Structures are given as structure tokens and as C-alpha cells.
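The values are calculated or read from the model by the stated rules, or taken from the named source; none is laboratory data. Please read these numbers as outputs of a predicted model, since none were measured by experiment. All Cβ positions, glycine included, derive from the backbone under ideal geometry; neighbour counts span all protein chains shown. Ligands, DNA and RNA are excluded from the accessible area calculation, which covers all protein heavy atoms including side chains. Shrake-Rupley method; radii C 1.70, N 1.55, O 1.52, S 1.80 Å.
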Amino acid sequence: MSRTEAPPLPEPLRVPVADSHTHLDMQDGTVEEGLARAAAVNVTTVVQVGCDVKGSHWAAETAAAHPSVHASVALHPNEAPRIVHGDPEGTARQGAREPGGKAALDEALAEIDALAALAHVRAVGETGLDFFRTGPEGVAAQEESFRAHIEIAKRHRKALVIHDREAHADVLRVLADAGAPERTVFHCYSGDAEMARICAAAGYFMSFAGNVTFKNAQPLRDALAVAPTELVLVETDAPFLTPAPYRGRPNAPYLIPVTLRAMAEVRNTDEDTLAAAVYDNTARAFDF
């Protein structure tokens, strides 16, 4: 089986569900094809997430054109240091970049702020902290950007979508210090059960992705088992994090049923009940 070959369509869900976090702009085929495949398995709504200024504009335009798409706009945590310090190696898909300093970051944040005012933009994110890819030299730019996104989300009364990679304590610290927006979503939740209890106490939504199906992901499954039903979401983060048994092949919103069924098993509930709860939670989180 080719690693680049798309997995087959799973058995459709009986109850509609939403993909709380996807990147249609990074997937093969047209948006229309992707949405049609998702609808065929009863994934009826997707949240398209921007990671930079260009991608955020694209997310907003795509949401405006498709009723089943809602947009989230932001500078990804790894994008902020690239804007401030430059990226001569071109480590991201946008290629090499000259340093722009604080002025360039402020300019980019102003564009995100303007997009966040649009009615079809439902969230600000993915923002947060990522200590996996960005070294110590980029931490200050990441935190400054994160705090600015929190303020943008609160100003426009939008959800905040968190990217937290190897930075749990610092993400929780900044949220507590800055004051989290009313609706905060931990995308691709990566903490353990103890952190899930902290998030639950704060009322943060926890969105689980295909990696909850991975063999080595027992701490994630433990977190899912203790997360309150009313705070659980499901996502693909497509084209990344394809659930087992298709790990390593391209992910897309139509594969949500694979992850949702695995989640239902972990939570010892039936898929219809979980799908209904997840849809309602996603509608509440993103106010659609």
C-alpha cells in the first residue's frame, strides 16, 4: 500500500459530527471534493484553520464561500519567531524570510485582528507555544504573539484555539495570567490526565486527533477517559495525524469516523451518543 495513497472512506456515522480543526489548503483535491467526501460519512461541518497571514485570509474566504466551513485565523506559534528573527534556511513551507523585527509582527497581528472581526471567522488560532520546533531564542516572540492573540479573541468575542507542543505549563501560565477567553480550545490535546483535570476545571475544551489511536498514546487515552463529555471535541488536523490503521498516509476530514469510534471505545460509550455530544460541543465552542 502506497504511503501517499488516501485511505478508503470509512463506514458513515449515523449522527452528524464536526471536524474542529483541519487544513483544507494543505490537502489534495479541491475544497468541494474534500467537503463532499466528509459529508458522505456525515462529517457535516469543518473548522478551517489559518497558520499565517496568507492562510488566514484563505480560511476566511473559504468560510465565506461554503456554509459548512467556519474559519479560525492566526499566526502559528512557529510563525511568530520567523517574522521577528527571519528564517534564512526556509524551514517552513513558505520558504526563506528576512528578519522583520517587532514592527513586522505588529503588522501581521493587525491583519489577524481585522480578519477576526469578520462574522464567518469563528475563532482566533492556532496560537500558543511550541517548544518542539522553536528554540529558546524564539520563545519571547511566541509568547508576545500568544498574548496578542488572546486579546484579539477577547476583543472580538471569538473562541481561542491553542497549539501546545511540549509547553503545557507555560501555556497554562499565560492563559491564567492574561485571562483566557470565554471559549478556549486545546487543539490536538497532548497533555495527560492530570492536565485534563486542570483544563476541565478552567472550562477549556479538549479536541482529540488521530494520534489518540497510536500505540504509544496511552497518556492521551487516559486524558480522554477523564475529560468531561461536554468539553470533548474531535479533529483531524489533516493532512497530519492520520489515525491508525492509516498512520503515515494523508489525513482528511472524512476520516473523523475512525477517530471518533476509537474515542467512543476509550470512553466506554456508543458512537452515536459521542457524535451528538461532540457536534453540540463544537457548535458551542465555535458559536455556530
Residue pairs qualifying under the 8 Å Cβ cut-off, at least six apart or on distinct chains, with the first in the range 239-262 being in contact (Cβ under 8 Å) with a residue 60 or more places away in the chain and closer than 22 Å to Asn281 by Cα and the second being open to solvent by 40 Å² or more (accessible area, probe 1.4 Å) and assigned to a helix (DSSP H, G or I), are Ala252/Arg37; Pro253/Arg37; Tyr254/Arg37; Tyr254/Ala40
Exactly one of Ala202, Ala209 is open to solvent by 20 Å² or more (accessible area, probe 1.4 Å), at pLDDT 95 or above and hydrophobic (A, V, I, L, M, F, W, C), and that residue is Ala202
Single unsatisfied condition, Gly191 versus (1) within 15 Å of Ala74 (Cβ to Cβ); (2) outside any helix (DSSP H, G or I); (3) of a type outside the set (Val, Ile, Thr): (1)
Just give me the residues in the range 205-261 being within 17 Å of the chain's Cα centre (by Cα) and aromatic (Phe, Trp, Tyr), in sequence order. Phe205, Phe208, Phe240, Tyr254
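Could you identify the single residue in Val278, Val266 that is open to solvent by less than 10 Å² (accessible area, probe 1.4 Å), within 25 Å of Arg165 (Cα to Cα) and touching a Leu at 6+ places or on another chain (Cβ under 7 Å)?
Details: Val266 fails: open to solvent by less than 10 Å² (accessible area, probe 1.4 Å).
Result of the check over Val278, Val266: Val278.
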